[in-house]
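*Asks:* Please read through the structure below; I'll follow up with questions.
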Amino acid sequence: MISKIKKVIMKHSQGIISIENFKFNTIIGIYEEERIQVQKICVDIEIELDFKKIEEKDKKITVGVDYTQLVAFVKNYIIEKKFKLLEDCLLSTGEAIMNEWEPINELNLSVSKPKANPKAENTKASMRFSR
């Protein structure tokens, strides 16, 4: 039996792209030793955007978000700023991402310092940004 194929009309084409457990070393913290010695941080990025509006030409994203560029931007931004507080790192980086990429409707961002507290496995700050 052949079933009829219906064309689905999507009213919404919002999708989510997640970049998880992105690790790199940077200067972050308020203590003297943290201002000298780099330490590992972990960044999780979740972006929501309209998948129907994404455009590609000549192997480049022309409309949308190239996640390779997004990851490089985040890493360079955090390393350059040498934040003292995890909370400031999170707020400033989230605002910078939203200002840089207009197609992002919503951003969930978290920054973790695994060695921030010797009695805990991880210390993480998270925040949601939206237009």
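The values are calculated or read from the model by the stated rules, or taken from the named source; none is laboratory data. Everything quoted here is computed from the prediction, not taken from an experiment. Here the Cβ is made from the backbone with ideal geometry for all residues, glycine too, and neighbour counts use every protein chain on show.
*Asks:* Just to be sure before I move on: is SER92 surrounded by fewer than 16 Cβ atoms within 10 Å (Cβ to Cβ) and either touching a Ser or Thr at 6+ places or on another chain (Cβ under 6 Å) or of a type in the set (Ser, Thr, Tyr) (or both) in the structure I sent?
*Replies:* Yes, satisfied.
*Asks:* Sticking with this one: Output the qualifying pairs, or none if there are none: Cβ atoms under 6 angstrom, residues six or more apart or on different chains, first residue in the range 46-67 and under 26 Å from ASN21 (Cα atoms), second residue part of a strand (DSSP E or B) and at pLDDT below 70.
*Replies:* Hits for this filter: VAL63/GLU55.
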